[in-house]
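Participant: Before we start, here is the structure in question, set down as structure tokens.
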């Protein structure tokens, strides 16, 4: 799968990929994963598949959208949410085995595409100045209504005192990966994105980033839950995600334990 086709899939709201091979067996476990995991999770899944001989089918998208679909009966076996509140919602609806477990903590970053006149600074000072002097025409973030990273971006902008300046210049992605696509292609002069996406090789080739202080937004505690009726493969993958090998990969992609 090319990077271009991956972006296209995310523009359609959800990317479904085989974790390690083109064909999938009928027993492949169905996994719903937050869009910020699109680079880390395939690497983890590949190791799991090689070690276990079992197969996974992963869909990437908005945590809020996935949660709504699962509550309504969507046939996923495991949700890796970017916000623990969505995992709680599934449990409260009686669709999860239990409240699950936190598998990572996310961070956000300011991403500036090549050619933008805005500086990448941690205190967002030049972003605010650009909103005032007209350099900032569009700022890409995920939709705060259902994307946890969009809410974190809004909180960070509010902390910096520039939310009211920026909110009329927002271009909203259906999920974090679509917001990253807007920033990477120059459709926006800046983007506030998951660190895990901003630091990927694909994004680094297209711009620069700085990490935004974690105290500027509520903690992005990412929780996963097994859906009732999940099969053995999904349960084994759930356990594998809590092991050192998976945690090392998540850390390398910008997630905190």
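The values are calculated or read from the model by the stated rules, or taken from the named source; none is laboratory data. Remember, it's a predicted structure, so these values are computed and weren't measured experimentally. Neighbour counts are summed over all protein chains in view; Cβ atoms, including those assigned to glycine, are modelled from backbone coordinates with ideal geometry.
Participant: Can you name the residue in segment 22-46 that is in a helix (DSSP H, G or I) and crowded, with 17+ Cβ neighbours inside 10 Å and is also nearest to the chain's Cα centre (by Cα) among such residues?
Facilitator: 36
Participant: Mind checking which residues of segment 198-257 are assigned to a loop (DSSP other than H, G, I, E, B) and closer than 30 Å to residue 116 by Cβ?
Facilitator: 199, 200, 205, 206, 212, 213, 217, 218, 219, 253, 254, 255
Participant: Can you tell which of 122, 199, 169, 132 is under 20 Å from the mean Cα position of the chain (by Cα) and not assigned by TED's automatic domain parsing to the domain that holds residue 229?
Facilitator: Checking each option against the conditions leaves just 199.
Participant: Now for a different question. Considering only residues of segment 172-183 that are in contact with a helix residue (DSSP H, G or I) (Cβ under 6 Å, 6 or more places away or on another chain) and either without any contact (Cβ under 8 Å) to a residue 60 or more places away in the chain or in a helix (DSSP H, G or I) (or both), which is surrounded by the most Cβ atoms within 10 Å (Cβ to Cβ)?
Facilitator: 176
Participant: State whether one or more residues within segment 105-118 are out of contact with any strand residue (DSSP E or B) (no Cβ under 9 Å at 6 or more places or on another chain) and over 30 Å from residue 136 (Cβ atoms).
Facilitator: Taking every residue of segment 105-118 in turn, none turns out to be out of contact with any strand residue (DSSP E or B) (no Cβ under 9 Å at 6 or more places or on another chain) and over 30 Å from residue 136 (Cβ atoms).
Participant: Among the listed residues 190, 160, 208, which satisfies the condition of being surrounded by fewer than 24 Cβ atoms within 10 Å (Cβ to Cβ), closer than 14 Å to residue 111 by Cβ and at pLDDT 95 or above?
Facilitator: Result: 208 is the single residue among 190, 160, 208 that is surrounded by fewer than 24 Cβ atoms within 10 Å (Cβ to Cβ), closer than 14 Å to residue 111 by Cβ and at pLDDT 95 or above.
Participant: Test residue 126 against the criterion of being in a helix (DSSP H, G or I) and under 17 Å from residue 219 (Cα atoms), and give yes or no.
Facilitator: When the stated conditions are applied, residue 126 does not pass them.
Residues are listed down the side, and each one gets a yes or a no for (1) within 26 Å of residue 199 (Cβ to Cβ); (2) in a loop (DSSP other than H, G, I, E, B):
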| site | (1), (2) |
| --- | --- |
| 57 | no, no |
| 70 | no, no |
| 75 | no, yes |
| 86 | yes, no |
| 91 | no, no |
| 94 | no, yes |
| 98 | no, yes |
| 104 | yes, no |
| 117 | yes, yes |
